[in-house]
Amino acid sequence: MMTIPEQPGNGDQAPQAPQAPQYNPQQPQAPQVPQQPQQPQAPQYNPQQPQAPQAPQYQQPQYQQQAPQYAQQPPQYQQAPQYQQAPVVYGEPGVGEPFNGAADADDLTRPLYGATFSQAIRRFFKNYVNFKGRASRSEYWWAQLFLFLIMLVPMALYVISVVIVAAGTVSGSYDSYDSDGSDAATGMGVLLMIVGGILMLVIGLGTLLPTISAAWRRLHDANFAGPFYLLSLTSIGSIVVLVFTILPSKPEGRRFDV
């Protein structure tokens, strides 16, 4: 039987009521099952081989101090000036320096540059045997043209005569009844041949010396000695002389003047 406690008086502090008993006590925890011990790991029979120590790398020391830069550039030596001698250019041959040609067509002591056909023919015969001085290309080659033209007549007669004689000989051999006509034609051909030959001989002998002297003076004008003309006596030498006479005038040829 429960006893009711006495209530305290007004002056006393009331006691605290006792806590009710807990009828739901915590259940005891189940005991933990002991864990099985872990099996030890099998030893590794392939241990990592120790790495060989790397060889020390020796780097060249870097010097912060740069090589001094010289702002002054080395002196550049220019090549020595080349003094090229300018070729002397002469103008057209004429009167005065440097060719010292003739001012008058009648002056036979100097070459007449730019001579006409008639002037060249006149000077050709006036200087008949003059092997001194000079002759320009114009007066020499105009004279050569004149000689060729006057030789055409006897040469034509000679060629015609040869053809007539050959034709008369052939016709007489085939036609014995017309022998008189063939003989007359042959005789005419022989006559023309003789006339043509005589004319060529006369012209050749009459112009031989002036032809040689003109070529002699033409060589002087090209600054060649006159005796070079003797090369024309040979086949190859005649070509050489021909080339020499074609060459232009040279002021140095004045040394052959009178």
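The values are calculated or read from the model by the stated rules, or taken from the named source; none is laboratory data. Note that the structure is predicted; figures quoted are calculated from it, not measured. No Cβ is skipped: glycine too gets one built from the backbone with ideal geometry, and neighbour counts run over all protein chains shown.
The table below lists the values:
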quantity	calculated
The listed residue being in a loop (DSSP other than H, G, I, E, B), at pLDDT below 90 and not β-branched (Val, Ile, Thr), out of 161, 171, 182, 176	176
The stretch 222-238 - residue that is in a helix (DSSP H, G or I) and either over 17 Å from residue 131 (Cα atoms) or in contact with a Phe, Trp or Tyr (Cβ under 8 Å, 6 or more places away or on another chain) (or both) and, of those, modelled with the lowest pLDDT	235
Residue selected from the stretch 239-258 under the condition part of a loop (DSSP other than H, G, I, E, B) and surrounded by 13 or more Cβ atoms within 10 Å (Cβ to Cβ), by the criterion farthest from the chain's Cα centre (by Cα)	257
Boolean, residue 199 is closer than 22 Å to residue 163 by Cβ and either in a helix (DSSP H, G or I) or at pLDDT below 95 (or both)	yes
Matching residues in the stretch 119-135 - criterion: being of a type outside the set (Lys, Arg) and over 13 Å from residue 257 (Cβ atoms)	119, 120, 121, 124, 125, 127, 128, 129
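Quick grid of which residues meet (1) modelled with pLDDT of 60 or more; (2) within 30 Å of residue 194 (Cβ to Cβ); (3) assigned to a loop (DSSP other than H, G, I, E, B):
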| position | (1), (2), (3) |
| --- | --- |
| 71 | no, no, yes |
| 78 | yes, no, yes |
| 85 | yes, no, yes |
| 90 | yes, no, yes |
| 112 | yes, no, yes |
| 132 | yes, no, yes |
| 148 | yes, yes, no |
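For (1) touching a residue at least 60 places away in the same chain (Cβ under 8 Å); (2) touching an Asp or Glu at 6+ places or on another chain (Cβ under 8 Å), each residue gets a yes or a no:
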| residue | (1), (2) |
| --- | --- |
| 196 | no, no |
| 207 | yes, no |
| 216 | yes, no |
| 223 | no, yes |
| 229 | no, no |
| 238 | no, no |
| 242 | no, no |
| 249 | yes, yes |
